[in-house]
Amino acid sequence: MCRLDRAAKCNPTKAYAQQTVTIGSTEIGGTVVSAAGPEAGVWVIAETTDLPTKFARIVVTDDQGRYLVPDLPTANYSVWVRGYGLVDSAKLTAKPGQLINHTAVAAPNEAAAAHYYPAIYWYAMMKIPPASEFGGRATFPKSLRRMTG
């Protein structure tokens, strides 16, 4: 296993390649690791233009950095990793039935991290309740009020 003080001398992807990911003939799977070890909660994106329309499937790694992209039509896929605080990984080419391990790379600074994973991603996932649910009229405390612009 790689230690952080020796990260430059070891290959974290190889060290964690022993993680078990069982894949079928219509799946692409593997692990995502960085110098710090397995990367949990990062997106693994598989996309292709080999089909009549552009096709993409996105999954999230588990707590051991493992992922499985299921039910893929036969095609050549570009597969890469995107995550908060990381730069996008190199795009690797794979076909369903292949095991692909990725090495995640930390962004060099906050500005670079925001370029790859901008705040709009987080905002797009928010569901802000209507004003009628604030001020004690729903499950929110009476002292909590929605700001109006």
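Please enumerate the residues belonging to the stretch 37-49 that are of a type outside the set (Ser, Thr, Tyr), part of a loop (DSSP other than H, G, I, E, B) and either touching a strand residue (DSSP E or B) at 6+ places or on another chain (Cβ under 8 Å) or without any contact (Cβ under 8 Å) to a residue 24 or more places away in the chain (or both).
Of the residues in the stretch 37-49, the ones of a type outside the set (Ser, Thr, Tyr) are 37-47.
Filter again for part of a loop (DSSP other than H, G, I, E, B), leaving 39-42.
Hits for the stretch 37-49 are Glu39, Gly41, Val42.
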Counted residues, the stretch 80-119 - those being in contact with a Lys or Arg (Cβ under 6 Å, 6 or more places away or on another chain) and assigned to a strand (DSSP E or B): 1
The stretch 48-79: number of residues that are in contact with a Lys or Arg (Cβ under 8 Å, 6 or more places away or on another chain) and surrounded by 17 or more Cβ atoms within 10 Å (Cβ to Cβ): 5
Residue check: is Gly85 modelled with pLDDT under 95, assigned by TED's automatic domain parsing to the domain that holds Glu110, at positive phi and in contact with a strand residue (DSSP E or B) (Cβ under 7 Å, 6 or more places away or on another chain)? yes
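The values are calculated or read from the model by the stated rules, or taken from the named source; none is laboratory data. Worth saying up front: this structure is predicted, and the values here are computed from it rather than measured. With ideal geometry, Cβ positions are generated from the backbone for all residues, glycine too; neighbour counts draw on all protein chains shown.
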